[in-house]
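A quick write-up on the structure given underneath.
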Protein chains: 6
Amino acid sequence: MCLAPYERLHTPRSVYIPPVTNPEVELIHRTRFSAAHRLENRSLSEAENRSLYGPCYGDHGHDFHLEVCVRGSVDPRSGMVVDLVDLMRVVRERVYEPCDHKHLNRDVPFLEGTITTVENVALALWAELAEGLAGLGSARLTRLRLWEGPDCAVELDAERGTAP
Amino acid sequence: MCLAPYERLHTPRSVYIPPVTNPEVELIHRTRFSAAHRLENRSLSEAENRSLYGPCYGDHGHDFHLEVCVRGSVDPRSGMVVDLVDLMRVVRERVYEPCDHKHLNRDVPFLEGTITTVENVALALWAELAEGLAGLGSARLTRLRLWEGPDCAVELDAERGTAP
Amino acid sequence: MCLAPYERLHTPRSVYIPPVTNPEVELIHRTRFSAAHRLENRSLSEAENRSLYGPCYGDHGHDFHLEVCVRGSVDPRSGMVVDLVDLMRVVRERVYEPCDHKHLNRDVPFLEGTITTVENVALALWAELAEGLAGLGSARLTRLRLWEGPDCAVELDAERGTAP
Amino acid sequence: MCLAPYERLHTPRSVYIPPVTNPEVELIHRTRFSAAHRLENRSLSEAENRSLYGPCYGDHGHDFHLEVCVRGSVDPRSGMVVDLVDLMRVVRERVYEPCDHKHLNRDVPFLEGTITTVENVALALWAELAEGLAGLGSARLTRLRLWEGPDCAVELDAERGTAP
Amino acid sequence: MCLAPYERLHTPRSVYIPPVTNPEVELIHRTRFSAAHRLENRSLSEAENRSLYGPCYGDHGHDFHLEVCVRGSVDPRSGMVVDLVDLMRVVRERVYEPCDHKHLNRDVPFLEGTITTVENVALALWAELAEGLAGLGSARLTRLRLWEGPDCAVELDAERGTAP
Amino acid sequence: MCLAPYERLHTPRSVYIPPVTNPEVELIHRTRFSAAHRLENRSLSEAENRSLYGPCYGDHGHDFHLEVCVRGSVDPRSGMVVDLVDLMRVVRERVYEPCDHKHLNRDVPFLEGTITTVENVALALWAELAEGLAGLGSARLTRLRLWEGPDCAVELDAERGTAP
């Protein structure tokens, strides 16, 4: 319908999409982990950190909610992009086990030396997940949204140019 | 603001958007239906299905949540892209009535012969909705997100090239 | 990973993304306000309004939920795109204070003369927020989603060509 | 189990419940309505109202969520306390139709002259629902919780002595 | 405060609570399972079932959400009523494993012959959980709330006399 | 009152409620705070703590959601049990400010020396809130529910005998 070349000519504002016979879809899996963190730039003084981060300079924590989105073609045999069990296993190994019930500043190897803002944690999780998902057939990581509590999130989207 | 050609030169990572005088917007409507299903590829043996789908090979069910997104220009007379009542009527006729309190493998004509994974159900709902929405003025289906329970969804997006 | 030129050649359906060394990310902040409104086109008769808007022609109200999304590079010193406190201040000054516990048809200067559909309110909030965010370093407004109750929302997205 | 007289002797803090052979259960139904209101005591001056109610003295609105709880014995023939369809019909006739897309101070007969605080609206809805439910076999209204937005609610519970 | 005898005299409507030195608390654990079911009374004809249950007579399904509440004294050594891990294990063994990804009418031994209304399923889960929790120290099952989708639940509460 | 055997005979399953002319209602306010904590009994060895608390022995954190319930008569002048602004002020001063963006084991005076299980934190918040609410007219604290993430909560209820 909205993919017809004729129609596209009249809606130049959207990205041109050629007709697709074997469409890809995006599969989204949500999970969460409970972690402590504090915002601190170790190259700054305590006063500078306090002025930069305010109350976030102190230890606190969140129930982080993570949405991982993978894109791929639907396998006609299974009707799946990827077996959700495999996707869940990667998320568990790469995110849940290293981060849940941990202090993000001290306990997570891949966050070593990182300022644990939601921006930086999301970028680090992207790298972990992209590596872990490399084995899952044609499915590839396209989006990641990390919620730090219910009111603040960071989204990375390879197709919007926001990804490592 | 972020549409100025000058700025675009410095942010080549995002899609170029020419200035827009009469903008289109996307209107999202959420609804849900309660259905049973089981994952089964009838061309496979029971053992193959069991190994492929595990517990999903058995009858189970979900409260499916559906987000339908249509795109169009805002009509200056009504201030609407489309009358939400009309959109809701299409979703009711095309999705809710055929699927709610049904078994997706047996009771839904447009899923006949389909492996009822969330991927395939989403693709089938797209076709139904695109046809039903064809009559609604300039509004066209651009995105569809189907949640199978709270932790797993499939998204189709014509502008990302993920649509039938 | 999915940014490799080779891979792109084989997935022409998605937007080409050149490798990025200093990625931008999108930061999303959710807030809400409680407001009354009614749908009325003052250039129409009462009968025409009633037929066009049905029950929405009468005063009613909602808890509107707003998701504001800004895009920018992560500042290596702070690990942030923008200080969430600054973003929250702009949202408070530009949206919450003018709209919360108000009647959108009568009490909000920047909605004067507007038919207060969720489409038009979202477009007006975009203009307010874009202006308010202009001062916040490199961060720029890229998306806005306004929920009018839990089942209906409008999304504006500069990168999809849906923005004023 | 925890109803055994012996055990009760050792937990005097809870209400004594004689053994029950045909237990009653409580059935809870959630619904919502979108309405405008303002807090005003007409016997007070504008200045007194403003000082008493602050911003709530002005028109605003909410998506009110209502939880209606009825108690009764489970009918062995149907396995139900009451047919949910009947309960939903009463809630629709007594609450949804009079209140949805209305101004609670002006449009709802049973709120005529009431200060439309969530306390008073809940008490008025109790009276409406208790009357409407009178016809539904043995089921009787035992609890009502009315949420005015996500952070504030009033609960009435006949068994706690908080009901008209 | 509100336990003082003097105050009680003036609030006769609430249950008298003697001063408590080692208080009990209630611990609530939420979980969910995805299951199919249909409402059918096998002693009735198809026509009678259809008229009694309408669309619920057909196979459909839900994401059931379960809140299990246990009451007990806080152990000074652990600061816990019961180890949440033990409570979760009982819920997993008694509810999740027998019910998740199952058809409640056919696959669950303890529902054999039951009309699988949310009322009856809740009563059956109570019996299972009460037995499973018998081993967990002083903690005893006091409440159970089972949500069948987001808008309908049944609550059992031993202290309100609604329990098997 | 509702414990008298005589009354039980006439309403065996539910508590007898005498007619009420000026009913009390319960007002519920929800808020949340983000905090870090770890479970540790300082009188035990590291090995004992690790075996008792498992991963909870390490620093982690949550978005705690708190529901505070006060009971009182509805003031005919205001239509309120208590001014929500006053209730919110007490919750802010007694809970939010001491606990938000803090480490519960180290930063909160009234938790000094407490094992910060959700049971003990709830009991400590009750004492703080009961004291803070003492000034709010006739309203008194009757219930408190503290959620430690979305799947685990503790409820205290003076009328169920679960309160300090």
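The values are calculated or read from the model by the stated rules, or taken from the named source; none is laboratory data. All values reported here derive from a predicted model rather than from experimental measurement. Note that each Cβ is placed from the backbone with ideal geometry, even for glycine, and that neighbours are counted across all protein chains shown.
There is no residue in segment C:86-100 that is touching a Cys at 6+ places or on another chain (Cβ under 8 Å) and surrounded by 20 or more Cβ atoms within 10 Å (Cβ to Cβ). For segment C:95-106, the condition holds for no residue, the condition being that it is closer than 18 Å to A:Trp147 by Cα and of a type in the set (A, V, I, L, M, F, W, C).
Return a yes/no flag: does segment B:84-93 have any residue that is under 16 Å from the mean Cα position of the chain (by Cα), at pLDDT below 95 and more than 25 Å from A:Leu27 (Cβ to Cβ). Among the residues of segment B:84-93, not one is under 16 Å from the mean Cα position of the chain (by Cα), at pLDDT below 95 and more than 25 Å from A:Leu27 (Cβ to Cβ), which makes the answer no.
State yes or no: is C:Gly58 at positive phi, facing another protein chain (nearest Cβ under 8 Å) and free of Cβ contacts under 8 Å to residues at least 40 places away in the same chain? In short, no.
Would a scan of segment A:33-40 turn up a residue that is surrounded by fewer than 19 Cβ atoms within 10 Å (Cβ to Cβ) and either farther than 19 Å from F:His60 by Cβ or modelled with pLDDT of 95 or more (or both)? Scanning segment A:33-40, I find no residue that is surrounded by fewer than 19 Cβ atoms within 10 Å (Cβ to Cβ) and either farther than 19 Å from F:His60 by Cβ or modelled with pLDDT of 95 or more (or both), so the answer is no. Against the numbered list (1) farther than 25 Å from F:Val154 by Cα; (2) modelled with pLDDT under 95, E:Gly137 comes up short only at (1). Of the residues making up segment E:48-76, those that are within 23 Å of B:Leu104 (Cα to Cα) and surrounded by fewer than 17 Cβ atoms within 10 Å (Cβ to Cβ) number 4. When segment F:131-160 is filtered for residues that are out of contact with any strand residue (DSSP E or B) (no Cβ under 7 Å at 6 or more places or on another chain) and surrounded by 23 or more Cβ atoms within 10 Å (Cβ to Cβ), only F:Arg160 remains.
The set of residues in segment C:124-154 being within 7 Å of another protein chain (Cβ to nearest Cβ), under 18 Å from C:His62 (Cα atoms) and in contact with a Leu (Cβ under 7 Å, 6 or more places away or on another chain) consists of C:Cys152, C:Ala153, C:Val154. The single residue among F:Ala139, F:Ala124, F:Ala47 that is among the small types (Gly, Ala, Ser) and under 18 Å from E:Pro23 (Cβ atoms) turns out to be F:Ala124. Can you confirm whether segment A:8-28 contains a residue that is buried (at least 20 other Cβ atoms within 10 Å of the Cβ), assigned to a loop (DSSP other than H, G, I, E, B) and at pLDDT 95 or above? No: segment A:8-28 contains no residue that is buried (at least 20 other Cβ atoms within 10 Å of the Cβ), assigned to a loop (DSSP other than H, G, I, E, B) and at pLDDT 95 or above. Within segment D:26-48, being within 14 Å of chain C (Cβ to nearest Cβ) and either over 25 Å from the mean Cα position of the chain (by Cα) or of a type in the set (Phe, Trp, Tyr) (or both) holds for one residue alone: D:Phe33. Please determine, by comparing only the residues of segment E:63-101 that are away from chain F (no Cβ under 13 Å) and touching a residue at least 60 places away in the same chain (Cβ under 8 Å), which one is farthest from F:Thr117 (Cα to Cα). Among those residues, the one meeting the criterion is E:His101.
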